[in-house]
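To start, the structure itself, in structure tokens.
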Amino acid sequence: MGSFATAKFLEILARKSRVERDQDHIPFICLSVPNIPDRSQAILVGSDAPLRQILERAYWLEKVGCGAIAIPCNTAHLWATEIKKALSVKLIDMVEITRQAIEDSRGSEARNLRSISIGTSASMHNGLYAGQTESDFGKECYRSNPKLQKDTIKIISDVKSGNMANAQDNLTRLVQAVRSFEPDKIILGCSELSAICGDLAYDNDIVDPIDILADACIDWWVAESQSLPDTLASRS
């Protein structure tokens, strides 16, 4: 849906595959359909028009033989339940695996984790990555701080329009502002933010769902290919 963000996801997928030759890379079909209506705006007004188009495209991928589908768009995962019900193949749920990765990294401390996600208006207002405990304050933080919300949306808009340098500088400043709330984790809850995060991705408090999604896709393929006959795996 976001062409630049999708390209960044595929770059991460290739880099994280850690192979020595072309033939060992993860096989995939990329379907980039940027004309799907704005997900955030649709959710905010109560429309499911993007969902219908997402499912239509997902059915195309089913028909050509994909065994799993990954959507490198955070906001689209507000419809994850509906998408899973409609598909006959696996949806690698970016929100679900990101939550799990955070829990795995924190162990017994995960229940007391304080996190905040930065993303589109819809994902922030609907608590896409909101935790299950009172100590998680992500969406409430944004509801009470309209400037942070406005700054995040401006950065996303700049990325979509190609104003990368300005967006990167502003993302660095935004992260510093968010850190003033002393969260344990800051989740990059929009793939445009992941695409421009640069060295921020290496900071211990930054969680990048796109990076986690790439890992999950690789793990899925490795597990799946081991269960296939060699001839089928080489053609997939």
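PHE28: of a type in the set (Phe, Trp, Tyr), open to solvent by 30 Å² or more (accessible area, probe 1.4 Å) and farther than 14 Å from ILE83 by Cβ, yes or no? So that I can check it myself, show each step before the final result.
Details: of a type in the set (Phe, Trp, Tyr): yes; open to solvent by 30 Å² or more (accessible area, probe 1.4 Å): yes; farther than 14 Å from ILE83 by Cβ: yes.
Yes, satisfied.
Residues that are over 22 Å from LEU188 (Cα atoms) and buried (at least 16 other Cβ atoms within 10 Å of the Cβ) were ranked within segment 63-82; the one that is nearest to the chain's Cα centre (by Cα) is ALA68.
When the residues of segment 26-60 are narrowed to those that are of a type in the set (Val, Ile, Thr) and over 12 Å from TRP79 (Cα atoms), which ends up modelled with the highest pLDDT? Full working, then the answer.
So in segment 26-60, the residues of a type in the set (Val, Ile, Thr) come out as 26, 29, 33, 36, 43, 45, 54.
Restricting the remaining residues to those that are over 12 Å from TRP79 (Cα atoms) gives 26, 29, 33, 36, 45.
On the way: ILE26: 88, ILE29: 94, VAL33: 83, ILE36: 84, VAL45: 82.
Ranking the qualifying residues of segment 26-60, first place goes to ILE29.
Just the residues that are of a type in the set (Asp, Glu) and either free of Cβ contacts under 8 Å to residues at least 24 places away in the same chain or outside the structural domain of MET164 (by the TED database) (or both), please, taken from segment 183-202. Walk me through how you get there before you give the answer.
Quick first cut of segment 183-202, residues of a type in the set (Asp, Glu) only: 184, 192, 199.
Answer for segment 183-202, where residues must be of a type in the set (Asp, Glu) and either free of Cβ contacts under 8 Å to residues at least 24 places away in the same chain or outside the structural domain of MET164 (by the TED database) (or both): just ASP199.
Among residues belonging to segment 131-183 that are among the acidic types (Asp, Glu) and either open to solvent by 50 Å² or more (accessible area, probe 1.4 Å) or under 21 Å from LEU113 (Cα atoms) (or both), point out the one that is modelled with the lowest pLDDT. Residue satisfying both the conditions and the ranking: GLU134.
In the set SER17, SER3, SER47, SER40, only one residue is closer than 30 Å to ILE153 by Cβ, among the hydroxyl-bearing types (Ser, Thr, Tyr) and open to solvent by less than 30 Å² (accessible area, probe 1.4 Å); that residue is SER40.
In segment 11-116, which helices (runs of 4 or more DSSP H) lie fully inside it and hold 2 or more residues that are of a type in the set (Lys, Arg)? Break it down stepwise before answering.
On the way: elements: 39-45, 49-63, 80-86, 94-106.
Helices (runs of 4 or more DSSP H) meeting the threshold: 49-63, 80-86, 94-106.
Using the structure shown, decide if SER88 is of a type in the set (Gly, Ala, Ser), without any contact (Cβ under 8 Å) to a residue 40 or more places away in the chain, open to solvent by 40 Å² or more (accessible area, probe 1.4 Å) and assigned by the TED database to the domain that holds LYS160. Judged against the criteria, SER88 is not a match.
The values are calculated or read from the model by the stated rules, or taken from the named source; none is laboratory data. All values derive from a computational prediction rather than experimental measurement. Note that we place each Cβ from the backbone using ideal geometry, even for glycine, and neighbour counts take in every protein chain shown. Areas reflect the complete protein model, heavy atoms only, side chains present, ligands, DNA and RNA absent. Shrake-Rupley method; radii C 1.70, N 1.55, O 1.52, S 1.80 Å.
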